[in-house]
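Worksheet: the structure to be examined is printed underneath.
A short reminder: the numbers here are calculations on the coordinates, not readings from a lab. Not measured: the values here are computed from a predicted model. Cβ: placed from backbone, ideal geometry, glycine included. Neighbour counts: every protein chain shown.
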Amino acid sequence: MAAIKVHGSPLSTATIRVLAAIYEKELDHEFVLVDMRVGEHKKEHFLSLNPFGQVPTFEDGDLNLFESRAITTYIAHEYADKGTQLIYKDSKKMAITSVWMEVEAQQYDQAASKLVWELAAKPVLLGMSSDTAIVEENEAKLAKVLDVYENRLAQSKYLGGDCFTLTDLHHLPTIHYLMGTQAKKLFDSRPHVNAWLADITARPAWLKVLALQKKQ
């Protein structure tokens with residue numbers, strides 16, 4: 001039995017963010033499928049792991065965590081000697097990386113997640129129509145963030161520095177869904193952003209996540 005368990009759905013952006021970190025670190029783990037279609041994430045057993053009833057939750061022995069970015073940060077620190085180095089030991093380099101991790105969470109994801117919902121989840125999974133006004137508003141917001149990224153990536157191979165880190169990894173789930181929508185043009189039209197995207201989406205660990213997603 002693996003000490004690490006991830007409870008979640010392979011369709012969930014937050015779940016696959018955690019799985020990407022686990023695969024980068026090449027950690028033995030057990031993936032426990034949570035069937036959200038029948039509301040399993042709102043049942044008492046699951047709520048004992050995450051009181052907000054959201055996926056994923058993460059167990060490592062007697063440690064229980066929720067919130068995907070907190071989980072990936074724990075994985076990067078606790079298993080620093082394994083697999084890909086997702087953080088920097090140098091405090092100044094790590095501080096810069098942390099800034100861009102905050103940018104992903106507070107600037108990029110605010111718009112990107114709304115676009116994933118409107119352009120991918122609603123029409124594909126739920127058979128609902130997208131709200132054009134919300135799409136236009138958040139495409140404009142995402143474009144401004146990607147303009148900042150384009151400048152940053154003209155000076156640095158990755159957002160957090162010269163190496164692939166948690167900063168880049170955290171973007172992968174939303175990018176994955178947006179590439180199948182009209183929002184793809186926002187990435188394609190910015191050459192440095194486009195090159196960065198091609199690099200991070202081709203990583204072996206990420207391809208393993210996508211393979212798992214296809215199996216479910």
³J(HN,Hα) across region 125-142 via Karplus (A = 6.51, B = -1.76, C = 1.60, θ = phi - 60°), whole Hz, x for Gly/Pro? 8, 10, x, 9, 7, 6, 8, 4, 5, 5, 4, 4, 4, 7, 5, 5, 5, 5
Using the charge dipole of the chain (Lys, Arg: +1 at Cβ; Asp, Glu: -1 at Cβ; taken about the Cα centre), state which of PHE52, LEU65, SER9 has its Cα farthest towards the positive end. SER9
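So what is the calculated 222 nm ellipticity per residue for the chain, using -39500 (n - 2.57) for each DSSP H run with n of 4 or more, over all residues, to the nearest 500 deg cm²/dmol? Show your work: numbers first, answer last.
Details: 11 runs with 110 residues, N = 216.
Mean residue ellipticity at 222 nm (helix-derived): -15000 deg cm²/dmol.
Compute the Cα gyration tensor for the chain, then decide on rounded, prolate or oblate, letting a ≥ b ≥ c be the square roots of its eigenvalues: rounded whenever a/c is under 1.5, prolate when a/b is larger than b/c in the other cases, and oblate in all that remain.
Details: a/c = 1.84, a/b = 1.11, b/c = 1.66.
In terms of gyration-tensor shape, oblate.
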Cα-based reach from LYS215 at 21 Å (exclusive), listing lysines while leaving out same-chain residues under 8 positions away: LYS5
Taking springs between alpha-carbon atoms closer than 10 angstrom, which of PHE52, PHE187, PHE66 fluctuates most in the Gaussian network model of the chain? PHE52
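Report the gain in length on full extension from LEU33 to SER156: 0.36 nm times residue separation, minus Cα-Cα distance, nm rounded to one decimal.
Values: separation 123, 0.36 × 123 = 44.28 nm, distance 3.76 nm.
Length gained between LEU33 and SER156: 40.5 nm.
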Would you please give the FRET efficiency between ALA195 and LYS92, computed as 1/(1 + (r/R0)^6) with r the Cβ-Cβ distance and R0 = 22 Å, to the nearest 0.05? 0.30
With the charge dipole of region 84-216 built from beta-carbon charges (+1 for Lys and Arg, -1 for Asp and Glu) about the Cα centre, the Cα from TYR108, GLY161, ILE134 projecting farthest to the positive end belongs to GLY161
Given a 10 angstrom Cα cut-off, can you work out which residue in LYS43, LYS114, LYS157 is the most mobile in a GNM of the chain? LYS43
Share of antiparallel DSSP beta bridges in the chain, in percent to the nearest 5? 70 percent
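So for each of 27-33, 88-94 I average, over its residues, the number of other beta carbons within 10 Å; can you give me the resulting order with the highest mean first?
Values: 27-33: 15.0, 88-94: 12.0.
Top of the packing list down: 27-33, 88-94.
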Under 30 Å between alpha carbons: how many lysine pairs meet that in region 91-203, if sequence neighbours fewer than 8 apart on the same chain are excluded? 24
Report the residue, chosen from THR15, THR167, THR73, that carries the largest GNM mean-square fluctuation when the chain is represented by alpha-carbon nodes joined by springs under 10 Å. THR73
